[in-house]
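Only one structure is covered here, and it is reproduced in the block below.
The values are calculated or read from the model by the stated rules, or taken from the named source; none is laboratory data. For clarity, every value in this text was computed on a predicted model and none was experimentally measured. With ideal geometry, Cβ positions are generated from the backbone for all residues, glycine too; neighbour counts draw on all protein chains shown.
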Amino acid sequence: MTKSSVFFFCTTLIAATNLAYSAVHDTSAAAARVSIGFVAGATFNTFQSSSPISVEPGDCKCPDYELQTGEGQVLGIDLGIPLSSGEAWPWSLDVRTQYVESQAALYAEGDRLPALDENGEIVYSSAEWRGSVSFSTVEVAPAILLGIGKTPLSVSLGASIGYIMESELLRTLHMIEPPNAVFDPSFCPECEYFDEGRSLVLSRGAIDGIVQWTATAYAGVEYRLVNEDAEAVSSLRYRYGLTDVSTTYGLRVNAIELSIAMRVFL
C-alpha cells in the first residue's frame with residue numbers, strides 16, 4: 001500500500017463518514033447503548049532493530065540495511081460498551097478484534113565501480129540493495145475511552161495482544177547504472193531475476209527469529225458521530241511496541257494508526 005493510496009483511502013473514508021453523520025453530533029443519545037460494527041484504517045510504521053540486518057543472508061562481510069518507514073493496514077470488528085450513563089465525561093470500553101499488516105522498506109547504497117566496456121571505454125556501474133520486512137497479526141485490542149465533557153471528542157488508552165500469522169524478509173539487488181546494463185545470470189544462478197534482468201531477488205523468507213506473540217500499548221484521540229441507529233468513531237492512535245517481533249534482530253515496531261469504526265446499536 002503506497003502513501004498516496006493510504007491518503008486516498010483515509011480521506012475518502014473520513015469524507016463519507018462526515019456526510020453520513022453530519023446531521024447529529026450529540027453523543028448523549030447513545031451513552032448507554034452497546035454497538036458493534038467494522039473498523040478499517042491505515043498505519044504508518046517505524047521499525048527499530050538492536051541488531052543490523054545484512055543485505056545478504058548468512059555470514060558475509062556485507063553492508064547492513066537502513067530501516068525505513070512504511071505503511072500498513074487495519075481491518076476488523078469493533079465492539080463499543082458504555083461504562084457510564086452520564087452525558088458529561090462518559091466512560092466506555094472499545095474492544096477490537098482485527099487483522100493488522102505492518103511493513104517497512106529496507107535500503108543500502110551500493111558502491112560505484114569503474115569498468116571497461118566492449119570498446120575499452122571506462123564506464124561506471126552501481127547497484128542498490130533494497131528490500132522489505134513485513135508481518136501480519138490477528139490481535140485483540142481493548143481500550144478505555146473517556147469523553148471530553150459533552151463534546152464528540154474522547155481520549156483513549158489501551159493495549160493489544162496479537163498472534164503473528166506470517167512474516168517476510170525480502171532482499172533484492174538493483175542495477176542503477178549504466179542505464180542499459182543487466183546482471184549476468186551466472187552472477188547468481190539460483191536467484192530470481194526481474195525488471196528485464198536489472199534486478200534480482202537475493203532471498204525471500206520468514207523473518208529470522210520471528211516470535212508467535214506480540215504486545216503493544218497505545219494512546220490516542222477519538223471523534224464520535226452519532227445518529228439514532230448507528231455511530232462512527234474516527235481514531236488517531238500511537239502504537240508503541242512492547243515486545244520484539246524478532247529475537248534475532250531485536251525488531252520492534254511503533255506506528256501511528258488512523259482508523260474509522262462504523263457501528264450499529266444493539
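All conditions but one from (1) in a loop (DSSP other than H, G, I, E, B); (2) of a type in the set (D, E, K, R); (3) surrounded by 15 or more Cβ atoms within 10 Å (Cβ to Cβ) apply to residue 190; the one that does not is (3). Within the span defined as the stretch 118-136, one or more residues are within 18 Å of residue 240 (Cβ to Cβ) and out of contact with any helix residue (DSSP H, G or I) (no Cβ under 9 Å at 6 or more places or on another chain).
Just for the stretch 74-98: of the residues that are in contact with a Gly (Cβ under 7 Å, 6 or more places away or on another chain) and crowded, with 19+ Cβ neighbours inside 10 Å, which one is farthest from residue 259 (Cα to Cα)? The extreme case among them is 90. Is there a residue being at pLDDT 95 or above and of a type in the set (Val, Ile, Thr) anywhere in the stretch 51-65? No, that holds for no residue.
Restricting the stretch 161-187 to residues that are touching a Gly at 6+ places or on another chain (Cβ under 9 Å), in a strand (DSSP E or B) and among the β-branched types (Val, Ile, Thr), the residue that is modelled with the lowest pLDDT is 176.
Residue pairs, Cβ under 6 Å, 6 or more apart or interchain, first in the stretch 239-266 and farther than 20 Å from residue 161 by Cβ, second part of a strand (DSSP E or B) and aliphatic (A, V, I, L, M). List them. Listed pairs, sorted by first residue: 258/42; 258/236; 262/232; 263/36; 264/230. Just to verify a result, which residue in the stretch 63-106, among those that are part of a loop (DSSP other than H, G, I, E, B) and of a type in the set (S, T, N, Q), is nearest to residue 134 (Cα to Cα)? Filtering the stretch 63-106 for residues that are part of a loop (DSSP other than H, G, I, E, B) and of a type in the set (S, T, N, Q), the one nearest to residue 134 (Cα to Cα) comes out as 68. Does residue 158 fit the bill of being of a type outside the set (A, V, I, L, M, F, W, C), touching a strand residue (DSSP E or B) at 6+ places or on another chain (Cβ under 9 Å) and not in a loop (DSSP other than H, G, I, E, B)? So residue 158 fits the description; yes. For residue 207, the criteria (1) part of a loop (DSSP other than H, G, I, E, B); (2) in contact with a Pro (Cβ under 6 Å, 6 or more places away or on another chain) hold in every case but one, which is (2).
Which residues, counting only those in the stretch 28-62, are in contact with a Ser or Thr (Cβ under 6 Å, 6 or more places away or on another chain) and either in a strand (DSSP E or B) or farther than 28 Å from residue 207 by Cα (or both)? Passing the criteria: 31, 32, 39, 41, 45, 46.
The set of residues in the stretch 137-155 that are surrounded by fewer than 17 Cβ atoms within 10 Å (Cβ to Cβ) and outside any strand (DSSP E or B) comprises 148, 149, 150, 151.
Condition first: without any contact (Cβ under 8 Å) to a residue 40 or more places away in the chain and of a type in the set (Asp, Glu). Can you find one or more residues in the stretch 62-69 that meet it? No, the conditions are met nowhere in the stretch 62-69. Restricting attention to the stretch 232-266, which residues are buried (at least 19 other Cβ atoms within 10 Å of the Cβ) and more than 26 Å from residue 211 (Cβ to Cβ)? Scanning the stretch 232-266 gives 232, 233, 234, 235, 258, 260, 261, 262, 263.
Identify the residue in the stretch 109-126 that is assigned to a strand (DSSP E or B) and out of contact with any Ser or Thr (no Cβ under 9 Å at 6 or more places or on another chain) and, among all such residues, is modelled with the lowest pLDDT. Only one residue fits best here, namely 116.
Selection of the stretch 210-246 for residues being part of a loop (DSSP other than H, G, I, E, B) and either basic (Lys, Arg) or at pLDDT below 95 (or both) yields 227, 228, 229. Report yes if some residue within the stretch 242-250 is among the aromatic types (Phe, Trp, Tyr) and touching an Asp or Glu at 6+ places or on another chain (Cβ under 8 Å); otherwise report no. Yes - at least one qualifying residue is present in the stretch 242-250.
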